[in-house]
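The next block holds one structure in the form of structure tokens; read it before the comments.
The values are calculated or read from the model by the stated rules, or taken from the named source; none is laboratory data. What you see is a predicted model, and the numbers here were worked out from it, not measured in a lab. Note that each Cβ is placed from the backbone with ideal geometry, even for glycine, and that neighbours are counted across all protein chains shown.
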Amino acid sequence: MTVLNVLIFFSSFSFFIYGLAYFTSTKMKSEFKRFGLEKVGALTAVLELLGAIGLLLGLKFQPLLLLASGGLALLMFFGVVVRIKIGDSLWVSLPALLFMIINGFIFYSAIFT
């Protein structure tokens, strides 16, 4: 198994868990309220779930890998921007930043393989 495949599985699993957590955890919903984004919380969770599925399906269908990884990297970019805007520390913002980098790397790698 390549490093790229490990990153794809890791990211997919993580986004699947985070996406589901929005619908099962009041803490996740309260975070979106804290961000001032409670109206788009469910949409964000659905996009995370679709991205997670897209990463896995993208292992066999490269255009889907590009779409899913690019979309998740963009979603996490906006997550980092929101966290900076509300004054969260780098430590708290680190997961969004790392997932942006991971999915950016997956996107980049999918273009050149």
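Taking the stretch 60-96 as the range and being touching a residue at least 12 places away in the same chain (Cβ under 8 Å) and outside any helix (DSSP H, G or I) as the test, only ILE86 passes. Would you confirm, using the coordinates I've provided, whether ILE111 is among the hydrophobic types (A, V, I, L, M, F, W, C) and more than 21 Å from LYS33 (Cα to Cα)? In short, yes. When each of ALA42, ALA68, ALA96 is tested for being modelled with pLDDT of 95 or more, surrounded by fewer than 18 Cβ atoms within 10 Å (Cβ to Cβ) and of a type in the set (A, V, I, L, M), the lone residue that passes is ALA42. For the stretch 87-113, the tally of residues that are in contact with a helix residue (DSSP H, G or I) (Cβ under 6 Å, 6 or more places away or on another chain) and either among the aromatic types (Phe, Trp, Tyr) or more than 16 Å from LEU55 (Cβ to Cβ) (or both) stands at 5. Considering PHE23, PHE32, the condition of being part of a helix (DSSP H, G or I), surrounded by 17 or more Cβ atoms within 10 Å (Cβ to Cβ) and either small (Gly, Ala, Ser) or more than 13 Å from the chain's Cα centre (by Cα) (or both) is satisfied by PHE32 alone. Note on the stretch 47-59: residues that are farther than 20 Å from TYR22 by Cβ and in contact (Cβ under 8 Å) with a residue 40 or more places away in the chain amount to 2. Applying a threshold of 7 Å to beta carbon distances and a minimum spacing of six or more residues, or different chains, the list of pairs starting in the stretch 1-30 at a residue that is of a type in the set (Val, Ile, Thr) and ending at one that is modelled with pLDDT of 95 or more reads ILE8/LEU55; ILE8/LEU59; ILE8/ILE106.
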